[in-house]
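We did not get these values from a lab; they are worked out from the coordinates using the rules stated. Note that the structure is a prediction, hence the values are computed from the model and not measured. We place every Cβ from the backbone using ideal geometry, glycine too, and count neighbours over all the protein chains shown.
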Amino acid sequence: MNADEMLSLSPVIPVVTIHDAARAVPTARALLAGGVRVIEVTLRTDSALLAIEHITRELPAVTVLAGTVCHASQVKESLAAGAAAIVSPGLTDALATAVEVEGAAWLPGVATASDILRGLALGFDRFKLFPASVVGGPAALRAFAAPPAASSGSRWDATWSSTTSPASAAPGWLPKAC
């Protein structure tokens, strides 16, 4: 899977934090029943890698992305657990090297124009705006999708939190020209 394939799976990718690996498959099954075929499981808990393993083994129709990947060692661990791709809150040289070595699809997180330019210089053109609501939300997404990023053919994913933004704001986050 490459970054384009990852972004084409769904206009909305739920980000889930699983505290109990026993809840991973039921959670993924419920999302699948609702039409969601791709989820990002954050590596914020000790259960995350086991949760990814359970979901990928039990529900092959669900594509699992490993999220909140902050350390190079987590790239290999996530892929070994069955993650189809890597999502991180930032862009570091160590992560860039690890995903290149592993041949993994990656959405590095960016929050500034400098982050974007650095990512483009490293050869990446697919990004996750994070934390999107903090750095300007849909308006920031539209601005960052303009030149110079637009001339690179870059594409975007943004994290919108239903816990910090009202549900009525959700349509503003859905993809338009990004």
(request) Could you work out the local net charge near THR27, counting Lys and Arg as +1, Asp and Glu as -1, over the other residues with Cβ closer than 15 Å to its Cβ? (result) +1
(request) Taking only the C-alpha atoms, wrap a convex hull around segment 9-50 and report its volume per residue in Å³ as a whole number. (result) 62 Å³
(message) If each residue of separation counts as 0.36 nm, what is the full-extension length gain between HIS19 and HIS71 once their alpha-carbon separation is subtracted?
(response) 16.7 nm
(request) Quote the charge dipole size of segment 3-161 about the Cα centre in Debye, to the nearest 20; the model charges only the Cβ of Lys and Arg (+1) and of Asp and Glu (-1). (result) 360 debye
(message) Need one word for segment 1-132: rounded, prolate or oblate. Basis is the Cα gyration tensor (sqrt eigenvalues a ≥ b ≥ c); a/c below 1.5 gives rounded, then a/b vs b/c decides.
(response) prolate
